[in-house]
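S.K.: I'd like to ask some things about the structure below.
The values are calculated or read from the model by the stated rules, or taken from the named source; none is laboratory data. Please read all numbers here as calculations on a predicted model, not as lab measurements. Glycine gets a Cβ as well: all are built from the backbone with ideal geometry, and neighbour counts include every protein chain shown. We work out accessible area using only protein heavy atoms, side chains counted, and drop any ligands, DNA or RNA first. Shrake-Rupley method; radii C 1.70, N 1.55, O 1.52, S 1.80 Å.
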Amino acid sequence: MAGIPKGRIFLRDDRKKKTCLEGVEEFQISKCQVTQEIYKEVTGQNPSSFIGTENPVEGVSWLDAISFCNKLSESFNFAPCYKRVDTDVVELAKGANGFRLPTDAEWEFACRANVNKPQYGPVDEIAWYEGNSNRSTHPVGEKAPNGFGLFDMLGNVWEWCWDIYDAEVYGTYRVFRGGGWADCSRGCLATNRRRSHPTYGIDDLGFRIARSVP
């Protein structure tokens with residue numbers, strides 16, 4: 001886990017043509033995407049299409065990621081962050097100190113690492129994407145990290161975030177970020193935001209974990 005300082009970030013919503021300023025409290029985030037080895041150790045399962053212990057786990061839904069966070073928290077004797085209320089409705093547990101998904105604002109703040117550009121370096125140096133991935137995921141941590149020491153924030157697999165995308169239009173659809181192995185270089189930008197149903201899983205979508213600082 002890497003420590004991320006307190007700060008602020010402008011989030012842009014291209015669909016709504018709006019920009020808002022969000023505050024980010026100090027938090028921790030995993031330096032790499034959750035690997036298949038770690039996911040299997042915690043859950044006993046590996047839903048991935050591209051098998052490799054150090055490759056990022058993919059094919060996981062948002063609900064799968066939430067469940068992983070709770071199980072990992074319990075293994076460290078931390079209070080789980082999430083409470084399942086309904087089929088695809090999850091609430092945050094107040095005061096919980098466990099692992100969780102980063103928020104939309106936390107993710108972009110961590111990705112940019114104080115770089116005022118949509119990519120924190122030359123794309124071939126920092127990301128696995130359509131132009132160099134050979135249509136597959138790759139072991140995490142092989143590309144250059146950003147200024148916070150985080151690997152694969154762009155490319156390899158997209159990453160689930162906590163936030164609902166737009167409740168009025170898309171209901172419980174959740175945000176995912178970062179671009180993946182199948183995207184063109186312009187698909188791997190700190191500003192790009194996609195959404196899907198929390199039960200959705202595909203071979204270019206995974207996650208990394210975060211934790212609030214007590």
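S.K.: Is it the case that segment 83-91 has a residue that's surrounded by 18 or more Cβ atoms within 10 Å (Cβ to Cβ) and under 18 Å from TYR165 (Cα atoms)?
M.R.: Yes, there is a match, as at least one residue in segment 83-91 is surrounded by 18 or more Cβ atoms within 10 Å (Cβ to Cβ) and under 18 Å from TYR165 (Cα atoms).
S.K.: Residue by residue through segment 7-44, note down the ones that are exposed (fewer than 14 other Cβ atoms within 10 Å of the Cβ) and polar (S, T, N, Q).
M.R.: If the condition is that a residue be exposed (fewer than 14 other Cβ atoms within 10 Å of the Cβ) and polar (S, T, N, Q), then THR19 is the only one that fits.
S.K.: Check segment 22-31 and report whether any residue there is basic (Lys, Arg) and under 12 Å from the mean Cα position of the chain (by Cα).
M.R.: Looking for residues that are basic (Lys, Arg) and under 12 Å from the mean Cα position of the chain (by Cα), one finds at least one in segment 22-31, hence yes.
S.K.: Check off (1) basic (Lys, Arg); (2) under 18 Å from the mean Cα position of the chain (by Cα); (3) under 23 Å from LEU150 (Cα atoms) for LYS6 and give me the number that stays unchecked.
M.R.: (2)
S.K.: Find the residue count for segment 169-196, including only residues that are open to solvent by less than 60 Å² (accessible area, probe 1.4 Å), over 14 Å from the mean Cα position of the chain (by Cα) and under 29 Å from GLU26 (Cα atoms).
M.R.: 2
S.K.: LYS143 versus (1) more than 14 Å from ASN156 (Cβ to Cβ); (2) in contact with a helix residue (DSSP H, G or I) (Cβ under 8 Å, 6 or more places away or on another chain); (3) free of Cβ contacts under 8 Å to residues at least 60 places away in the same chain: which is the lone unmet condition?
M.R.: (1)
S.K.: Checking PHE99 against (1) under 23 Å from TYR200 (Cα atoms); (2) at pLDDT below 95; (3) not hydroxyl-bearing (Ser, Thr, Tyr), which single condition isn't satisfied?
M.R.: It is condition (2) that PHE99 fails.
S.K.: State which residue is farthest from ASN114 (Cα to Cα) when the search covers only segment 165-197 and only residues that are among the hydrophobic types (A, V, I, L, M, F, W, C) and at pLDDT 95 or above.
M.R.: Out of the qualifying residues, it is ALA182.
S.K.: Does segment 110-127 contain any residue that is open to solvent by 30 Å² or more (accessible area, probe 1.4 Å), modelled with pLDDT of 95 or more, of a type in the set (Ser, Thr, Tyr) and more than 25 Å from CYS69 (Cβ to Cβ)?
M.R.: Taking every residue of segment 110-127 in turn, at least one turns out to be open to solvent by 30 Å² or more (accessible area, probe 1.4 Å), modelled with pLDDT of 95 or more, of a type in the set (Ser, Thr, Tyr) and more than 25 Å from CYS69 (Cβ to Cβ).
S.K.: Anything in segment 134-150 that is surrounded by 19 or more Cβ atoms within 10 Å (Cβ to Cβ) and not β-branched (Val, Ile, Thr)? List them, or say none.
M.R.: If the condition is that a residue be surrounded by 19 or more Cβ atoms within 10 Å (Cβ to Cβ) and not β-branched (Val, Ile, Thr), then HIS138, LYS143, ASN146, PHE148, LEU150 are the ones that fit.
S.K.: Which members of segment 65-123 meet the condition of being of a type in the set (Ser, Thr, Tyr) and part of a loop (DSSP other than H, G, I, E, B)?
M.R.: If the condition is that a residue be of a type in the set (Ser, Thr, Tyr) and part of a loop (DSSP other than H, G, I, E, B), then THR87, THR103, TYR120 are the ones that fit.
S.K.: I'm trying to understand the selection: among the residues of segment 69-79, which are under 17 Å from SER30 (Cα atoms) and either open to solvent by 60 Å² or more (accessible area, probe 1.4 Å) or over 13 Å from the mean Cα position of the chain (by Cα) (or both)?
M.R.: ASN70, LYS71, LEU72, SER73, SER75, PHE76, PHE78
S.K.: Tell me, which residue of segment 3-59 that is among the aliphatic types (A, V, I, L, M) and touching an Asp or Glu at 6+ places or on another chain (Cβ under 6 Å) is nearest to TRP181 (Cα to Cα)?
M.R.: By that ranking, first place goes to LEU11.
S.K.: Looking at segment 46-58, is at least one residue surrounded by 11 or more Cβ atoms within 10 Å (Cβ to Cβ), part of a helix (DSSP H, G or I) and charged (D, E, K, R)?
M.R.: Scanning segment 46-58 turns up no residue that is surrounded by 11 or more Cβ atoms within 10 Å (Cβ to Cβ), part of a helix (DSSP H, G or I) and charged (D, E, K, R).
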